[in-house]
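Presented below is the structure to which this report refers.
The values are calculated or read from the model by the stated rules, or taken from the named source; none is laboratory data. The structure displayed is predicted, hence computed values, not measured ones. Counting neighbours? That spans all protein chains shown, and the Cβs are built from the backbone with ideal geometry, glycine included. Each accessible area value is taken on the protein alone, full model and side chains, heavy atoms only, with ligands, DNA and RNA left out. Shrake-Rupley method; radii C 1.70, N 1.55, O 1.52, S 1.80 Å.
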Amino acid sequence: MMRQTIWMFILLAIAGLIAFGSHNYPGTAEFVVAGFKISMSIYVFGLLCLGLIAVILLLWRMYRAVVNVPSRFGSWRSNKRENRALAAVKTATIALHEGRWTHADKAAKIASRSPQSAGIAALLGAASAHAQAQPITAQEWLKELEGDDDFADAAALQQAQIALANQDASAALAALDGASPTVRKHSVRYRELLIAAHAQADHWHEVMQIAKDKKWQAPLAVKNDWFRRASLALCADASSSTSYLQSLYKDMPDDVRLDDVTLGAYISALLQRDEKVLARRAIEEAMRVSWRPQLLSLYVQASEESSQTQQLKALDDWEVKYPNDATLLCAAGELCLKAKIWGRAKANFQNSLAVKPSVVAHYGLAQTYRALADEPHAQEEERKAAALAVG
């Protein structure tokens with residue numbers, strides 16, 4: 001609106017100047033054409049020249065418009081295809097996140113027809129095919145990204161994810177090896193896939209190293225879970241040395257060390273290597289932090305003739321803190337049985353059964369009776385243990 005107003009004022013000013021000049025400064029322009037003399041006001045001649053110039057410009061614009069019709073039509077078609085491809089990318093993305101895999105696949109095929117969206121379409125198509133458990137189709141989509149540096153990292157991560165789903169850890173690690181240094185350093189998804197690939201390949205030491213890495217911005221619960229899984233696997237590995245197990249125990253985060261299953265696996269591994277002193281020390285350290293009756297059976301297994309007196313004292317101290325604990329009383333009975341303290345073993349087993357009957361306590365009491373040459377009572381306790389086990 002402002003531009004139109006300005007042009008109106010300009011035209012009014014020009015008209016005013018022409019009127020003023022023709023009234024006060026008249027002039028004549030004369031031309032002789034083919035013997036004819038043409039005479040007119042110089043102002044009229046100026047207006048005719050301006051009109052002629054305007055007509056020429058108009059004709060030139062019309063000519064250019066006609067000449068450019070094919071290219072403009074081609075551009076219109078290209079823009080239409082591009083807009084359709086972008087709309088298909090949007091549709092495929094929404095369908096993929098909504099779980100409509102077939103719809104996402106169809107939209108990705110439409111989007112792949114445009115060079116501008118072909119790369120994104122290939123990633124969406126591969127993700128859709130992977131969700132539908134179609135690895136061959138997913139690989140065909142990813143092949144379209146070969147040679148495209150912009151999508152090289154995304155394709156590598158997608159390739160690794162597909163390989164992991166197919167239980168092919170070697171292929172997943174090979175795909176992740178092709179990732180750029182930037183992705184290796186900053187990508188959370190890269191580290192998630194890498195640790196999953198190492199776990200699938202039973203590379204538990206590498207899993208632990210990744211879980212310990214402070215640069216991995218994963219939730220602490222996730223990192224501790226991976227550390228726990230790696231610890232269990234390494235403790236179960238017969239090739240792990242005692243020194244390695246000790247370093248593993250020291251590196252355990254507090255949440256992992258407080259896990260009964262993980263700690264039990266570590267202590268069992270020490271017992272398998274006949275490292276009973278280290279096993280007892282680990283159990284006693286754990287008991288100082290919190291009461292763990294699940295470890296008492298391992299504490300009995302870790303006993304030696306030279307350590308039984310000290311262990312019985314430790315059990316007495318724990319019984320003061322945790323009276324009437326059936327598991328603790330049973331463990332004390334088992335330890336007394338190993339130390340051949342028959343009277344105390346019998347009392348502990350009977351006290352344990354009074355609190356809570358158990359197969360272990362019945363069998364322990366049976367062994368105690370047999371050691372005391374009381375076969376009838378021994379057989380009676382064995383029958384009770386068998387009946388309880390069946391029940």
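Which value at 222 nm does the chain reach when only helices count, each DSSP H run of 4 or more adding -39,500 (n - 2.57), with the total divided by all residues and rounded to the nearest 500 deg cm²/dmol?
Values: 22 runs with 298 residues, N = 391.
Calculated at 222 nm, the ellipticity per residue is -24500 deg cm²/dmol.
Give the separation of the Cα centroids, segment 134-152 to segment 339-389, in Å.
One Cα centre to the other: 68 Å.
What is the local net charge at Ile283, summed over the other residues whose Cβ is closer than 13 Å to its Cβ (Lys, Arg +1; Asp, Glu -1)? Display every interim value, and only then the final one.
Working: positive: Arg257, Lys276, Arg280, Arg281, Arg288, Arg292; negative: Asp260, Glu275, Glu284, Glu285.
Net of charged neighbours comes to +2.
Where Lys and Arg each count +1 and Asp and Glu each count -1, what net charge lies around Ala387 among other residues with Cβ under 14 Å from its Cβ? Working shown, then result.
Working: positive: Arg383, Lys384; negative: Glu380, Glu381, Glu382.
In short, -1.
Out of every Cα-Cα pair in the chain, what percent are more than 30 Å apart? Before the final figure, lay out each step's value.
Working: 52004 of 76245 pairs.
Here the tail beyond 30 Å accounts for 68 percent of pairs.
Rg and Dmax of segment 341-391, using alpha carbons, in Å: what are they?
10.1, 31
Between Asp255 and Ser297, what is the label-point separation in nm under the 7 Å Cα-to-beta-carbon projection?
Modelled inter-label distance: 2.8 nm.
What part of the accessible area of segment 93-216, given as a whole %, is carbon or sulfur when the probe is 1.4 angstrom?
Solvent-exposed carbon and sulfur of segment 93-216 make up 52 percent of the total.
Counting only protein heavy atoms, what percent of the accessible surface of segment 272-319 is carbon or sulfur at a 1.4 Å probe?
Details: 1090 of 2550 Å².
The computed percentage sits at 43.
Take the cross-link list Lys90/Lys185; Lys223/Lys321; Lys215/Lys250; Lys313/Lys384; Lys143/Lys212 and give me the ones stretching past 26 Å between alpha-carbons. Numbers along the way, then the final one.
Working: Lys90/Lys185 30 Å; Lys223/Lys321 35 Å; Lys215/Lys250 21 Å; Lys313/Lys384 30 Å; Lys143/Lys212 35 Å.
The pairs that break the limit, which is 26 Å between Cα atoms, are Lys90/Lys185; Lys223/Lys321; Lys313/Lys384; Lys143/Lys212.
Say R0 is 56 Å: what FRET efficiency, to the nearest 0.05, do Leu52 and Ala131 get from their beta-carbon distance? Could you put the intermediate results ahead of the total?
Working: r = 70 Å, r/R0 = 1.25.
Approximately 0.20, to the nearest 0.05.
With every protein chain left in place, what is the accessible area of Ile38 in Å² (1.4 Å probe, nearest 10)?
The value for Ile38 is about 70 Å².
When the chain is treated as a GNM, springs tying every alpha-carbon pair under 10 Å, which of Ala121, Ala175, Ala339 comes out with the largest mean-square fluctuation?
Ala339
Using the heavy atoms of the protein chains alone and a 1.4 angstrom probe, what is the accessible area of segment 117-181 per residue in square angstrom?
Details: 3010 Å² over 65 residues.
For segment 117-181, the per-residue accessible area is 46 Å².
Relative to the Cα centre, what is the charge dipole magnitude of the chain, using +1 at the beta carbon of each Lys and Arg, -1 at the beta carbon of each Asp and Glu, and rounding to the nearest 20 debye?
On the way: 43 positive and 40 negative charges, 419 e Å.
In debye, rounded to 20, the chain gives about 2020.
Could you tell me which of Ala236, Leu47, His362 has its Cα farthest along the dipole of the chain towards the positive end, charges placed at Cβ (Lys, Arg +1; Asp, Glu -1), taken about the Cα centre?
Positive-end residue among those listed: Leu47.
Using a 1.4 Å probe, what is the accessible area per residue for segment 282-345, in Å²?
Values: 3200 Å² over 64 residues.
Per residue, segment 282-345 has 50 Å² of solvent-accessible surface.
Could you tell me the calculated FRET efficiency between Arg288 and Asp149, based on Cβ-Cβ distance and R0 = 56 angstrom, to the nearest 0.05?
Values: r = 57 Å, r/R0 = 1.02.
It comes out at approximately 0.45.
Label Ala387 and Gln310 with points 7 Å out from Cα along Cα→Cβ: what is the distance between them in nm?
In this crude spin-label approximation the distance works out to 4.3 nm.
With charges only on Cβ, +1 for K and R and -1 for D and E, what is the dipole size of segment 288-391 about its Cα centre, in debye, rounded to 20? Don't skip to the answer; put the middle values down first.
Working: 12 positive and 12 negative charges, 43 e Å.
Dipole about the Cα centre, nearest 20: 200 debye.
Once Rh for segment 182-248 is found with the Kirkwood sum over Cα pairs, what is the Stokes-Einstein diffusion coefficient at 10 °C and 1.306 mPa s, in µm²/s? Kindly include the intermediate steps, with their values, before the conclusion.
Numbers: Rh = 12.4 Å.
Estimated diffusion coefficient is 128 µm²/s.
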